[in-house]
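**Q** Here it is: the structure, laid out below.
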Amino acid sequence: MVNQVVEAALGGMNVTRTLEGRERYPIQVRYQRELRERIDELDRLPVVTPAGEVVPLRTLTRMTMTWGPEMLTSQDARLIAHVMFSPSGTMGALETATSVERSLRAAANQPAGSPGRLDLPEGYFVEAVGSFQNQLEANRRLLFIIPLVVLTNLFLIYLQFRSLAISLMIFAAIPVAFGGGMILLALAGVKMNTAIWVGFIAVFGLAVDDGLVMATYLDQVFRRRRLTSVADIRNATVEAGLKRIRPCLMTSFTTFAALTPVLLATGRGADVARSMALPVFGGTLFVLITLFVVPVLFCGYHELKLRAGLHDDYWEATGEPGTEASA
């Protein structure tokens, strides 16, 4: 009887139905909202005894407040309750789940490094879901996607030059971009997440742009001339570099200008956008050194070929001897 009174007062009870044409709707009665929300006064709830006497609820039961699940749902034919944990900002989802599991094992008197699930009563188990589970699935996909992106970049560069040595010169910008992005992330104090790895995938494609533009023009200049000495190779390298450094800088600074509003944004979703923009900004900034590294490596590579007596084959293969250059 007490349970019925509490159920009717707080949860409501269907007393009859109403007819609206061919539709039927139940009519439910319960206490008003301002009375239902006064949990501390719930013990004053009037209960009518079989004898007709009205007594307060506190004379029939003892009420206490305890923590419990807000809602129970069903999954895989089992009742489940979700407990929400939000990272404090100093750690990511993976670290937060590990910290929660360590605390639960300590509460269950189970060693932190012990394998398997927590030692709970039969039929009960604890499993991390939500952002933690999404992070694990994203990491598994990224383990396949990131190497594929890197190898695809190297393959496309090789198709352009048909030379593994030159392709590796340009490809060296990708490790440099990765290091620059990681340095900026460390300075900003941002933890690794999926958005950051997506930003790295974007910067891997942008990183080779400057080196590709520089190496392509160097290759064109070297094809137009017959370079017979080290001085000719160095002069051609300087000339080509001076003509291509401005377009490369313009491309980089347009990227910086586009990312600056994203880095300074504070609205909804700004944290995700900032996580994607930080590695792109840092990687593009550090990749600027390839404007000097690629010409130096390109020049050194052809100097070695010239000293080894293999440089003449370069023009014989192209079929474009060009003009004689004075030594």
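The values are calculated or read from the model by the stated rules, or taken from the named source; none is laboratory data. Just so you know, these numbers come straight off a predicted model, no measurement behind them. Ideal geometry is used to build each Cβ from the backbone, glycine not excepted, and the neighbour counts take in all protein chains shown. Quick note on the areas: whole protein, heavy atoms, side chains included, nothing else; ligands and nucleic acids left out. Shrake-Rupley method; radii C 1.70, N 1.55, O 1.52, S 1.80 Å.
**Q** Which distance in nm do the two modelled labels at SER103 and THR254 give, with both placed 7 Å along the Cα-to-Cβ direction?
**A** Once both label points are built, they end up 5.0 nm from each other.
**Q** Further, regarding this structure: Sort VAL190, VAL54 from largest to smallest accessible area, using a 1.4 Å probe on the heavy atoms of the protein chains. Don't jump to the answer; show the numbers that get you there.
**A** Working: VAL190 45, VAL54 90 Å².
Largest accessible area first, the list is VAL54, VAL190.
**Q** For PHE256, PHE292, PHE178, give me the order by solvent-accessible area with a 1.4 Å probe, most accessible first, ignoring ligands, DNA and RNA.
**A** PHE292, PHE178, PHE256
**Q** For ILE80, list long-range residues whose amide hydrogen, built 1.01 Å from N in the peptide plane, is under 5 Å from its own amide hydrogen.
**A** THR73, SER74, GLN75
**Q** Give me the percent of the accessible area of the chain that comes from carbon and sulfur atoms, probe 1.4 Å, all protein chains in place.
**A** Solvent-exposed carbon and sulfur of the chain make up 60 percent of the total.
**Q** Which FRET efficiency value, to the nearest 0.05, is calculated for SER86 and ASN14 with the Förster distance at 25 angstrom and r the Cβ-Cβ distance?
**A** For R0 = 25 Å, the calculated efficiency reads 0.05.
**Q** Taking only protein heavy atoms and a 1.4 Å probe, what accessible area per residue, in Å², does region 132-258 have with all protein chains in place? It would help to have the intermediate numbers written out before the result.
**A** Values: 6550 Å² over 127 residues.
Accessible area per residue, region 132-258: 52 Å².
**Q** Just to confirm a number: summing +1 for Lys and Arg and -1 for Asp and Glu over residues other than ALA240 whose beta-carbon lies under 13 angstrom from that of ALA240, what do you get?
**A** Residues close to ALA240 contribute a combined charge of +4.
**Q** Heavy-atom accessible area of TYR301 with all protein chains present, probe 1.4 Å, nearest 10 Å²?
**A** In the full protein context, TYR301 sits at about 60 Å².
**Q** Could you give the length gained by full extension between GLN32 and MET65, i.e. 0.36 nm per residue of separation minus their alpha carbon distance, to one decimal place?
**A** Taking GLN32 through MET65 to full extension adds about 9.7 nm, to one decimal.
**Q** Quick one: order PHE85, PHE286, PHE204 from most to least accessible surface, probe 1.4 Å.
**A** PHE85, PHE286, PHE204
**Q** I would also like to ask the following. Hey, can you list the DSSP H helices of the chain whose Cα span along the axis is 15 Å or longer and whose average Kyte-Doolittle score is at least -0.5?
**A** Qualifying helices: 93-107, 131-161, 173-188, 194-224, 230-264, 270-287, 290-307.
**Q** Computed from these coordinates, which is mean projected area of the Cα convex hull in nm²: (1) 17.8; (2) 31.9; (3) 19.3?
**A** Entry (2).
**Q** Hey, another quick one. Would you tell me the accessible area of ASP209, worked out with a 1.4 angstrom probe on the heavy atoms of the protein chains, in Å² to the nearest 10?
**A** The value for ASP209 is about 60 Å².
**Q** Amide H of ARG226: which non-local residues (sequence gap of 5 or more, or other chain) have their own amide H closer than 5 Å, using H built in the peptide plane?
**A** Amide H neighbours of ARG226, under 5 Å, 5+ apart: THR323, ALA325.
**Q** Additional query: Roughly how compact is region 152-310, stated as its Cα Rg over 2.2 N^0.38 Å to two decimals?
**A** Compactness ratio reported: 1.18.
**Q** A further question follows. May I ask you to derive the FRET efficiency for LEU79 and ALA186 from their Cβ-Cβ distance with R0 = 51 Å, giving the value to the nearest 0.05?
**A** Working from the Cβ atoms, E equals 0.70.
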